[in-house]
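A short worksheet on the structure shown next.
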Amino acid sequence: MKRLEILQQFQNWQKNNNLKEVFKNYPLFFLMVVLPIFLVSFYYLFIASDKYVSEAKITIKQTGQPTTSFNIPLFGIGNPVSREDAMYLKAYILSYDMLDYLDKKLNLKKMYQSKDIDFISRLSSDVSHEEFLKYYQKHIVKISYDDISSILTIQVFAFKPEDAKMIAEAILEQCERYINGISHKIAREQMNFIEQELAYANQKMQNAKNTLLNFQNTYKVLDPTQEAQASASLVAQLEVQLAQQEAQLRNLLTYLNEDSFQVQALKNQIKSLKEQIEKEKSKMIGGDRKLNKLLAQYLELKLNVDFAVDVYKATLSAFETTRVEASRKLKNLVVISSPNLPDEALYPKRAYNIALASLLILLFYGITKLVIGIIKEHRI
């Protein structure tokens, strides 16, 4: 019975009151709730342009790095090298360079200034370069990174499905050039540096060898070490002979006079041995061609040659190692999921946006009514 009475009262109110009277009785509700919700609903239902999304998934791998399994270290954080490369690539995709490339290749600015796009989503005709970049970063490209799998997801938003796919493909194409260019540039710089070091080490080795050859040719000696050893051996042998003959002389003096023929002959032999010993010693440490000085110079030059050869060998080994490492560290862009051609528009989410806008409008209206009520109470 009560339900029938309420329904009858509502019908009577509807007959006796028109929209103008309701607006007159509730102007704030109409201005803050009914009108905004009507405008939002009208925009999303009849004006807002459909937006399509083309998605691609990529990752960056080094040559020699396993591609069949993901690197998942402790605490669930992916490969830090892959993350670093992915962050560089993300920054490049959102940069002026990528924007300029896309605009030059696809006429991106004109694509988003089309009259077919609603006035709110459309790119302004007199937009500046900085504003174009902000629009590109906010409305055209969205990038997300998965720390666990090291996968970079690129989403491209456009008002035509073929435009979204075309832009995504152009981004991947330029990203591959960027990654290849960076990795090859680093490899070339490493190889150029080690090649310069190898050439420098080789030149130093040749200079040391030439200096040693000039020394040998100047003093007509192949190896002063051997000559010094031969001279020392000869002196030692002569000193042994001298000692033997001096012993023999003492023995003869026990039963012969000093002026005897045997004693005089032995003294002459001893004198000759002493002179020969002094002569050989003077060769080693005296005269214009001092053997000890030659030996010191030779050993210094030989040490320089040996050191230069060792440096050259080490540099040559480093060159080969760098060559292998440079080829192993080349980075490749791996496309896990190619850009798709969307069948339906995912945005805008009309029902969701209308409901969310209505909720926020009602919340704002409630706060406004509360503030007005508080102000009225304080006035009273």
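Accessible area ranking (1.4 Å probe, heavy atoms, ligands and nucleic acids excluded), largest first, for 204, 220: 220, 204. Karplus-based coupling profile of the stretch 349-356, in residue order and whole Hz: 7, 5, 4, 5, 5, 5, 5, 5, with θ = phi - 60° in 6.51 cos²θ - 1.76 cosθ + 1.60 and x standing for Gly or Pro. Loop-located trypsin sites (Lys or Arg not before Pro) in the stretch 113-190 (DSSP state other than H, G, I, E, B) with a sparse environment of at most 16 neighbouring Cβ atoms within 10 Å: 115, 122.
Of the listed residues 191, 87, the order by accessible area with a 1.4 Å probe, largest first, is 87, 191. Using Cβ point charges alone (K and R +1, D and E -1), the dipole size of the stretch 112-220 about the Cα centre works out to roughly 720 debye.
Within the accessible surface of the stretch 77-229, defined with a 1.4 Å probe on protein heavy atoms only, the carbon and sulfur portion equals 52 percent.
Of the residues 171, 187, 219, the one whose Cα sits farthest toward the positive end of the charge dipole of the stretch 106-264, with +1 on the Cβ of Lys and Arg and -1 on the Cβ of Asp and Glu, is 171.
Where only protein heavy atoms count, and the probe is 1.4 Å, what is the accessible area per residue for the stretch 306-379 in Å²?
I get 72 Å² per residue for the stretch 306-379.
Other residues whose C-beta falls under 14 angstrom from the C-beta of residue 110 contribute a net charge of +2, scoring Lys and Arg +1 and Asp and Glu -1. Computed over protein heavy atoms with a 1.4 angstrom probe, the accessible surface ordering of 310, 146, largest first, is 310, 146.
The values are calculated or read from the model by the stated rules, or taken from the named source; none is laboratory data. Quick caveat, the model's predicted, so the values are computed rather than measured. Positions of Cβ are generated from backbone atoms using ideal geometry, with glycine treated the same way; all protein chains shown enter the neighbour counts. For accessibility, only protein heavy atoms count, side chains too; no ligands or nucleic acids. Shrake-Rupley method; radii C 1.70, N 1.55, O 1.52, S 1.80 Å.
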